[in-house]
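Below is one structure, written out as structure tokens; comments come after it.
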Amino acid sequence: MAVTESLPDASAAETETEVEIESRTASLLTSRLSNAALPVGTAIVLLMIWQIGVRFFEVPTYIAPAPTDVGAVLRDEFPLLMRNFWPTFTVSIVGFLAGNIAAILIAVAFVHSRMAERAFFPIAVFINTIPILAVAPILVLIFGPGLIAKVVIAGLICFFPTLVNMVRGLQSVSPQTLELARILSASKSEVFWKIRLPSSLPFLFSALKIAATTCVIGAIVSEWIGADVGLGALIIDSTFNYRSPLLYATVFMSSGLSVLLFASVTITEKLVVRW
Amino acid sequence: MDGAPHNQAGGRDIAASLSNASVKFGTFTALSEISLEIGAGEFWTILGPSGCGKSTMLRLVSDLVPPAIGAVEILGKTTEQARLAREFAFVFQDATLLPWRSALKNVELPLEMGRKRGLAIPRGDRTPLELLELVGLKGREDAMPHELSGGMRQRVAIARALVCQPKLLLMDEPFGALDEMTRDRLNMQLLEIWRETGVTCLFVTHSIPEAVLLGQKVLMLRAHPGRVKEVVEIDLPEPRHVELRETPEFNRYSSYLRKSLEDC
């Protein structure tokens, strides 16, 4: 019968296009590698200009150290830098987790109760408008110079972007998908776990990428106020002692910490969000 | 499959009946006094101008919108009872697949939903894997939706709709966004599934040829407010095939419906 015979041909034609898509992803990888060469080359050239410029104009080291001076400090003072790296690392990670978990839970509450959203969202916006530098001393006064104040500062800076994105993500389900859930007589918790939460993941990860770098800012700011260890404390200390190469090396370590956290979030995203 | 009609169209088994049903959204009347009896195993297509309430009618039957007055029954049950018993399934214009689930996992979704309410979820005779084979996606069960073409996604949606072996299949312009060729192919495949499973179909479309090609009966709706204009019986030889579109009978039905649509 003609009807049945025409069907296999049709699906074969559609399968061919899928094979093309797979071969395209392989060539994408090689083109990405060659794309990386350009910015890396540019960075090397800029560092060389900086090195030559500082030497040529005989800029004093305490005003602007040459890249080689900074490199030497990175090598010689590495134990000191690492001693101060780990406390900042801990504050960043714990603050990242605390701020984001709080934001996710509050976003879930907002999505389930419009009352809660109307009551608390303006307050969340208000808290977000206070500069973190202004609120940090207050938090140190409240919680003391220990770990808690630092974690609260690092967490607070992560909180708002995640809250906003997570609310949007949980609400990003299409009306038709919700109709489908209703036709399947799905319960509220099934809609949440099987539809809303997975739908929100791409939104959540774009917020977590922001938080991965801002939580380091929070941690460093918290260490400016009365801390004796941490990259933030080392920044203050080396600035007041005119140890510019150490200051630059510390800044380099701080941005390394941000990159580390950002890369971890990006890799996790690649593993979790596969669509 | 030899295309013999397995459906007991007989005439008197009723899959869905609407009696004097109206739907209102606030002060706006979307559907007014609809009375219809849809026989078990029949294939109905629904035509009408934009805004005549075609989609609303499917949503009325599927318990998504309640009737303001009148009543809707599916196999002698209320729409809510029928929904809880999974007597009907819905195919949307958009495939509405969950992008993080593979084709197979999407087909299995209806078996996972509703469990928390303690529903006895009927399992069809066919496994999800066999259903994917039925819609021509054998070997693609692990593909993610973004790896599938529009036509393939819609076929996954059809397999998902069939997984609880519904008695009534409600389709809201399911092939409207597809190209002509894919659409023809899926039309034929749908007819084959219909003949084989005996499921009653209610199929909303914008296309007059599609309505004539698929439907045993074409329900013509009139707009403002949505009412039944007429029901046209399409008496074309079974099994239907796309070549039918070149026959004079087919054209007679098409031009009749076109005129009917014009004075809606």
Among B:LYS24/B:LYS167; A:LYS194/B:LYS116; A:LYS209/B:LYS105, the pairs whose Cα-Cα distance exceeds 19 Å are B:LYS24/B:LYS167; A:LYS209/B:LYS105
Taking B:THR247, B:THR78, B:THR200 and ranking on accessible area (1.4 Å, protein atoms only), highest first, one gets B:THR78, B:THR247, B:THR200
Scalar couplings 3J(HN,Hα) for region B:116-128 by Karplus 6.51 cos²θ - 1.76 cosθ + 1.60 (θ = phi - 60°), nearest whole Hz, x for Gly and Pro, are 4, 8, x, 6, 7, 8, x, 9, x, 5, 9, 6, x
If each part is reduced to its alpha-carbon centroid, region A:38-77 and region B:12-80 end up apart, in Å, by 76 Å
Length-normalised contact order of chain B, Cα under 8 Å, at least 6 apart, in percent, tallies to 27 percent
Check: C-alpha center region A:196-275 vs C-alpha center region A:119-157, spacing in Å is 17 Å
Heavy-atom accessible area of B:GLU73, protein chains in place, probe 1.4 angstrom, given in Å² to nearest 10, is 90 Å²
Residues whose built amide H sits under 5 Å from the amide H of B:LEU221, excluding neighbours closer than 5 in sequence, are B:LEU47, B:GLY48, B:LYS229
Here the relative contact order (percent) of chain A, from C-alpha pairs under 8 Å and at least 6 apart, is 24 percent
Here the relative contact order (percent) of region A:123-275, from C-alpha pairs under 8 Å and at least 6 apart, is 26 percent
Per-residue average of other protein chain Cβ atoms inside 10 Å, peptide A:197-210 -> 1
Expected vector for region B:167-180, Karplus 3J(HN,Hα) from phi with 6.51, -1.76, 1.60 and θ = phi - 60°, integer Hz, x for Gly and Pro, equals 8, 10, 10, 9, 10, 9, 6, x, 10, x, 8, 9, 6, 3
Rounded to the nearest 10, the angle in degrees between the Cα long axis of helix A:132-143 and the longest principal axis of the Cα atoms of chain A comes to 80 degrees
For region A:67-272, the accessible surface attributable to carbon and sulfur atoms (probe 1.4 angstrom, ligands and nucleic acids excluded) amounts in percent to 74 percent
GNM on chain A, Cα springs under 10 Å; top mean-square fluctuation among A:LEU204, A:LEU257, A:LEU46 goes to A:LEU46
Within 10 Å of the Cβ of an average residue in A:170-183, the count of other chain Cβ atoms is 5
Highest mean packing first, using Cβ neighbours within 10 angstrom, the peptides B:45-53, A:92-100 sort as A:92-100, B:45-53
Computed over region A:67-272, protein heavy atoms only, probe 1.4 angstrom, the accessible area per residue in square angstrom equals 48 Å²
Rounded to the nearest whole number, the per residue volume of the convex hull around the C-alpha atoms of chain B in Å³ is 131 Å³
Counting other chain Cβ atoms within 10 Å of each Cβ in B:106-117 and taking the mean gives 4
Relative to chain A, whose Cα atoms define the longest principal axis, helix A:244-272 and its Cα axis are tilted in degrees, nearest 10, by 10 degrees
Cα pairs beyond 26 Å in chain A, in percent, come to 61 percent
Amide H neighbours of B:VAL65 at under 5 Å, excluding residues fewer than 5 places away on the same chain, with H built from the backbone geometry, are B:LEU60
Compactness check, region B:116-224: C-alpha Rg relative to the 2.2 N^0.38 Å globular estimate gives 1.15
For B:ASP263 the rounded accessible area (nearest 10 Å², probe 1.4 Å, non-protein molecules ignored) is 100 Å²
Ordering B:94-107, A:107-120, A:138-151 by per-residue average of other C-beta atoms within 10 angstrom, highest first, gives B:94-107, A:138-151, A:107-120
Spelling it out for B:VAL91: with amide H atoms placed in the peptide plane at 1.01 Å from N, the residues 5 or more places away or on another chain with amide H under 5 Å from its amide H are B:LEU170, B:MET171, B:ASP172
Looking only at aspartates and glutamates whose Cα falls under 18 Å of B:LYS259's and that sit 8 or more positions away or on another chain, we get B:GLU210, B:GLU230, B:GLU233, B:GLU249
Carbon and sulfur atoms account, in whole percent of the 1.4 Å probe accessible area of chain B, for 49 percent
Listed residues B:ALA89, B:ALA143, B:ALA71; largest mean-square fluctuation, Gaussian network over chain B with Cα springs below 10 Å, found at B:ALA143
Using the Kirkwood radius over Cα pairs of region A:184-275, the Stokes-Einstein translational diffusion coefficient at 4 °C and 1.567 mPa s, in µm²/s and rounded to a whole number, is 82 µm²/s
The FRET efficiency for B:SER149 and A:ALA37, from their Cβ-Cβ distance with R0 = 22 Å and rounded to 0.05, is 0.05
One can check that the equivalent ellipsoid of the protein assembly as shown, built from the alpha-carbon gyration tensor with semi-axes equal to the square roots of five times its eigenvalues, has lengths in Å, largest first, of 63, 28, 19
Reduced to Cα centres, the span from region B:159-201 to region B:224-264 in Å works out to 19 Å
Expected field for B:THR197, accessible surface area in Å² at 1.4 Å probe radius, rounded to 10, holds 60 Å²
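The values are calculated or read from the model by the stated rules, or taken from the named source; none is laboratory data. Just so it is clear, the model here is predicted, and its values are computed rather than measured. No Cβ is skipped: glycine too gets one built from the backbone with ideal geometry, and neighbour counts run over all protein chains shown. In case anyone asks, the SASA skips ligands and DNA or RNA and just uses the protein heavy atoms, side chains included. Shrake-Rupley method; radii C 1.70, N 1.55, O 1.52, S 1.80 Å.
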